[in-house]
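The next block holds one structure in the form of structure tokens; read it before the comments.
The values are calculated or read from the model by the stated rules, or taken from the named source; none is laboratory data. From a predicted model like this one, the values you see are computed outputs, not experimental measurements. Neighbour counts run over all protein chains shown; Cβ positions are idealised from the backbone, glycine included. The accessibility values were calculated without ligands, DNA or RNA, using every heavy atom of the protein model including side chains. Shrake-Rupley method; radii C 1.70, N 1.55, O 1.52, S 1.80 Å.
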Amino acid sequence: MTQIFPKLDIPQTIAAGPGPGNTDERVLAAYAGAGLADHMHGDVLRGMVECKKMLRAVWGTENIHTYGVAGTGWSGLDVMFSGVMPGDKVVIFTNGTFSGIDGLTVRMKAATKDELAADSLNPQAASVVTIEVPHGQSVTGDIIEAALAEHKPKWAAMAHWETGSGRINDIAGFSAACEKHGAMGLVDAVSSLGVGDFRIDDFPGIHGWASCPQKGICCLPLTYAPVSFTDRFIETLKATGTRTFVHHPILEARHWGIIDGKDVEKGTYHRTHSAYAVAAFHEALRITLEQGVSARAEEYAFHESALRAAVEAMGCKVTSNMTSLIVLNLPDDLAGREMELVQSCRAQNFGIWPTLSEPVQVRIGILNLLNRATITDIAHRFAQAIRDMGGKIEQSSVDNALNTVYAKAIAAE
Ligand SMILES: *Cc1c(COP(=O)(O)O)cnc(C)c1O
């Protein structure tokens, strides 16, 4: 017997985790409001070309090969890492969950046929050097310089903002070392695009960039992972080729109106794009540019500082330095109970997260939650969760910490 389940209802939660971020109402309205038009309709193609141009402004680049890859962050990263061919020499820097998975992706791409067959889900590729930086620390320019000087790889890869441990890595040092040692830099910018203030074209050592729809771009309804590649990346890829059709950096660009390295007025078929997704992504990019990348970055830094002050007033120790996310240890008397606390918050639809690799810490995110009322609500809920576990918190010290930060904004107005 075929079972038909009742209609699926999913509740509204406070998505206060590392991602996905809270999708803007305007994005949802654009998604639901688009008509059904096929993927070769003139307005869909025009929308994709406009997205491509807005995306260049968001990334801060003149790279022709700048567009969106249908799917999530890993889809964009797969397109970027498809430049890596079996036997290619790669140095990858890891300092948490996501750069760790980037490392696995790189080993899968760089493994020879025999290396892949020997351990296909976790291949050990002799041509890949992994530099492991401990959880909670950033990848520094010195670490990068030393590794690239020693190994002189074809590719070097790193996460810009490692969401697993909440750490910002030294992108300027990475770019400089790549230039100096002739490596082509590849960057996982999944967590930083739309949150941090940076421009691709300021980092000439980096040739491939990949991000996601659902974090800083606030466009969860499965849409597009932004990517950008320099001409050198594209020429290198053209020379070696790569074994994918759908995630091919050159072929995937065609539907966005990038053909033979040039902008053309209209894209040509690569795959069936959704008018809904194009409309939603278009609106998300409009919102980002209306606010401005720098202004948005300042807002994140400001509200992060308020939430940080509040959790420190609760006795928590913050170990992160990203501005969309706080990673913390509980006060000493509750140490070791981080997972329990996260689970009790999640059971109340207060969607905070643990770290996904050891050590277990608490992660509280503020993606698209940038206002005083919401940050205060998050701080109050978190304080209550600590109290529910027997922790002692002075409500007045939490409120004073928040007020002190927010008073600065009022004074500045
Ligand atoms: C979230 C994240 C990813 C994975 O993105 P998905 O959208 O889940 O595919 C990869 N890298 C980093 C740094 C991330 O923060």
Collect residues whose amide H, placed 1.01 Å from N in the peptide plane, falls under 5 Å from the amide H of I259; neighbours closer than 5 in sequence don't count.
V264
Charges on Cβ only, +1 for Lys and Arg, -1 for Asp and Glu, centred on the Cα centroid of segment 293-412; of V398, V293, S344, which one is farthest towards the dipole's positive end?
V293
Carbon-plus-sulfur fraction of the accessible area of segment 293-412, 1.4 Å probe, in percent?
52 percent
Give, rounded to the nearest 20 debye, the magnitude of the charge dipole that the chain has about its Cα centre when Lys and Arg contribute +1 at Cβ and Asp and Glu contribute -1 at Cβ.
620 debye
Fraction of accessible area attributable to carbon and sulfur, segment 25-289 (%, probe 1.4 Å):
56 percent
Residue-averaged 222 nm ellipticity for the chain, from DSSP H runs of 4+ at -39500 (n - 2.57), nearest 500:
-13000 deg cm²/dmol
Relative contact order in percent for the chain (Cα pairs under 8 Å, 6+ apart) equals 23 percent
The answer for the chain, counting only DSSP H helices whose Cα atoms cover 18 angstrom or more along the axis and whose Kyte-Doolittle average is -0.5 or greater, is 42-59, 97-110, 275-291, 293-313, 372-388, 395-412
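Note down the magnitude of the dipole of segment 96-220 about its Cα centre, charges +1 on Lys and Arg C-beta and -1 on Asp and Glu C-beta and zero elsewhere, to the nearest 20 debye. Write down the numbers at each step before the final one.
Details: 9 positive and 15 negative charges, 54 e Å.
Here the size comes out at about 260 debye.
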Could you tell me which of G73, A275, A172 has its Cα farthest along the dipole of segment 25-289 towards the positive end, charges placed at Cβ (Lys, Arg +1; Asp, Glu -1), taken about the Cα centre?
A275
Eligible lysines near K392 by straight Cα distance, threshold 25 Å, same-chain separation 8 or greater
K317
C-alpha center-to-center spacing [segment 229-300, segment 131-147] in angstrom:
30 Å
Please give the peptides 58-68, 6-16, 110-120 ranked by average Cβ packing (other Cβ atoms within 10 Å per residue), highest first, as a rough proxy for protection.
58-68, 110-120, 6-16
If you take the beta carbon distance between K392 and S305 as r and set R0 to 25 Å, what does 1/(1 + (r/R0)^6) give as a FRET efficiency, to the nearest 0.05?
0.55
In terms of solvent-accessible area of protein heavy atoms at a 1.4 angstrom probe, what is the ranking of K152, K180, K109, K392, highest value first?
K392, K180, K152, K109
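For segment 293-412, with every protein chain kept in place, what is the accessible area per residue (1.4 Å probe, Å²)? Intermediate results must be reported in sequence, preceding the final value.
Values: 5170 Å² over 120 residues.
That works out to 43 Å² for each residue.
Under unit Cβ charges (Lys, Arg +1; Asp, Glu -1), what dipole magnitude, rounded to 20 debye, does segment 57-169 have relative to its Cα centre? Walk me through the intermediate numbers first.
Working: 7 positive and 12 negative charges, 28 e Å.
So the magnitude is around 140 debye.
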Selection from M1, V133, A57, by position along the positive dipole direction of segment 1-139 (Cβ):
A57
In a shell of Cβ-Cβ distance under 13 Å around L193, excluding L193 itself, what net charge do Lys and Arg (+1) and Asp and Glu (-1) give?
+2
Determine the sum of side-chain charges near I352: Lys and Arg each +1, Asp and Glu each -1, restricted to other residues whose C-beta is under 12 angstrom from that of I352.
+2
Cβ crowding within 10 Å averaged over residues, with 366-379, 89-102, 122-135 ranked highest first
89-102, 366-379, 122-135
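Looking at segment 13-170, how many pairs of lysines come closer than 25 Å at the Cα, when each pair is eight or more places apart or spans two chains? Intermediate results must be reported in sequence, preceding the final value.
On the way: K89/K109; K89/K113; K89/K152; K89/K154; K109/K152; K109/K154; K113/K152; K113/K154.
Final tally of qualifying lysine pairs is 8.
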Inter-probe distance in nm under a simple model that places probes 7 Å from Cα toward Cβ, at T268 and A295
4.1 nm
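Which order, highest average first, do 71-81, 182-192, 246-256, 267-277 follow once you tally other Cβ atoms within 10 Å for each residue and take the mean per peptide? If you can, show how the numbers build up before the last one.
Details: 71-81: 24.0, 182-192: 26.5, 246-256: 20.4, 267-277: 17.1.
Highest mean packing first, the order is 182-192, 71-81, 246-256, 267-277.
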Roll a 1.4 Å probe over the protein chains and send me the accessible area per residue for segment 25-289 in Å².
38 Å²
